[in-house]
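Inspection log for the structure reproduced underneath, given as structure tokens.
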Amino acid sequence: MSRNLTIRLAEMRDAETIHAGLVALARVLDKGAKITSTADDLRTHGFGDDPAFEVLLAEIDGAFAGFCLTFQSFSTWRGERGVYVQDLYVGEAFRGRGIGEALLKAAAGRARERGAGYLRLSVDVTNTKAQAFYERVGLAHSRDEQIHMIKGEAFHAFAMSDTDQT
């Protein structure tokens, strides 16, 4: 673990830093063009009375080292709360110091305080380093599930389609 590591809950003033981390993560995965969110989107949806997510920031001597963006989930089969890790990123200069694991543990700890009994995440199929990291820290690959998604215009058309089946 890194010395002088601080993990704190992000505030609205951190939106630019979080967004820069998201862009850096996308670039590491060679998917920078897929980022369409803005820092304003993060401010709108991540802070205020009903935040859609929360972010833990890792800092070393006050410098941004990484972040973990999570949101609450619920398992109807397990009958318990959980936490979903949407994004985990550690800056290249800070890797190999235990920061990613510390962020995951902090996110799990916060969720546990709220009654959560599990942590879930998905990882890009091309990100073999992250896959190995998750396995190493104890997050097993679930072979029982496969993610399906609908997004963009297809989502909006689907959501607006007539659901009356009579």
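Laboratory data are not the source of any read-out in this text; all were calculated from the coordinates shown. Everything quoted here is computed from the prediction, not taken from an experiment. When we count neighbours, we look across all protein chains shown, and the Cβ atoms used for this are built from the backbone with ideal geometry, even at glycine.
A few notes on this one:
- Any hit, the range 42-49, residues being acidic (Asp, Glu) and under 29 Å from GLY152 (Cα atoms): yes
- Filter result for the condition that a residue is among the aliphatic types (A, V, I, L, M) and closer than 17 Å to LEU104 by Cα, over LEU56, LEU29, LEU42: LEU56
- Against the test of being in contact with a helix residue (DSSP H, G or I) (Cβ under 7 Å, 6 or more places away or on another chain) and either on the phi > 0 side of the Ramachandran plot or small (Gly, Ala, Ser) (or both), the options ALA20, ALA65, ALA24, ALA93 yield a single qualifying residue, ALA65.
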